[in-house]
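Take a look at the structure set out below.
The values are calculated or read from the model by the stated rules, or taken from the named source; none is laboratory data. Keep in mind that what you see is a predicted model, and the values were worked out from it rather than measured. All Cβ positions, even for glycine, are placed from backbone atoms using ideal geometry, and neighbour counts span all protein chains on display.
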Amino acid sequence: MTFRRTRCKHCKQKLEPGQRLLHPGCIDEFAVEEAARIERKKAKEALAAAKVERAEMKRRKEKSLTLSQRKARAQVQVNAYVRLRDADLPCISCGRFHQGQWHAGHYRSRGAASNLALDPRNIHKQCQPCNNHLHGNAIAYRAGLIERYGVEYVEALESDNDSRHLTAEEVDAIRDEYRAKTKELKGRP
């Protein structure tokens, strides 16, 4: 037993015996509406396909990143965290507050101690003149660290020479951890 349509597909009025789907006067309007509906459906499918393609492209791009590119991205997140963590503190080297640019300066440089490059114990808020023009202002930086944390802290940093070979997954985990900590400090969910 098949169901026989008793109402017009367009205007929903009862059909006369012998009429199949539509009243004769509804055919043109229904055709226009149906074409628009099909067009909307195709556009929606195209948007969904484009979204899937973008996600796939992002995944492939993420997978193709080198370890050094991943470390650079992680360093950006760690530096942002350090600048927020030390926002109410003065420059670690010169001890002044100013309206200029603030950097996340490394006590032991990233080249000399790559194992401490992503370690926030080695990174503190530093003013742009100390970090760039005075090449980190290392002597004053050390004095600032001793004043803030003590001699044992500084000696532990200076004696930390263990080579740490991070995998891509570990570097990505560090980046994600400090991105979350930065959001938490900013007060965003």
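Scanning the stretch 118-134 for residues that are farther than 18 Å from residue 95 by Cβ and buried (at least 20 other Cβ atoms within 10 Å of the Cβ) yields 118, 122. The selection criterion, being under 30 Å from residue 66 (Cα atoms) and either within 29 Å of the chain's Cα centre (by Cα) or among the β-branched types (Val, Ile, Thr) (or both), does not hold for residue 158.
Every residue, every condition in (1) in contact with a His (Cβ under 9 Å, 6 or more places away or on another chain); (2) within 30 Å of residue 123 (Cβ to Cβ); (3) of a type outside the set (Asp, Glu); (4) modelled with pLDDT under 95, yes or no:
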{"position": "2", "(1), (2), (3), (4)": "no, no, yes, yes"}
{"position": "13", "(1), (2), (3), (4)": "yes, no, yes, yes"}
{"position": "28", "(1), (2), (3), (4)": "no, no, no, yes"}
{"position": "42", "(1), (2), (3), (4)": "no, no, yes, no"}
{"position": "71", "(1), (2), (3), (4)": "no, yes, yes, no"}
{"position": "87", "(1), (2), (3), (4)": "no, yes, yes, yes"}
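Candidates are the residues of the stretch 135-155 that are part of a loop (DSSP other than H, G, I, E, B) and over 13 Å from residue 91 (Cα atoms); the one that is modelled with the lowest pLDDT is 135.
Under the condition of being assigned to a loop (DSSP other than H, G, I, E, B) and not small (Gly, Ala, Ser), the residues counted in the stretch 67-116 number 15. In the condition set (1) over 16 Å from residue 76 (Cβ atoms); (2) within 16 Å of the chain's Cα centre (by Cα); (3) among the aliphatic types (A, V, I, L, M), residue 180 is compliant with all but (1).
With respect to the stated conditions, residue 58 fails to be within 21 Å of residue 161 (Cα to Cα), not assigned by TED's automatic domain parsing to the domain that holds residue 161 and not aliphatic (A, V, I, L, M).
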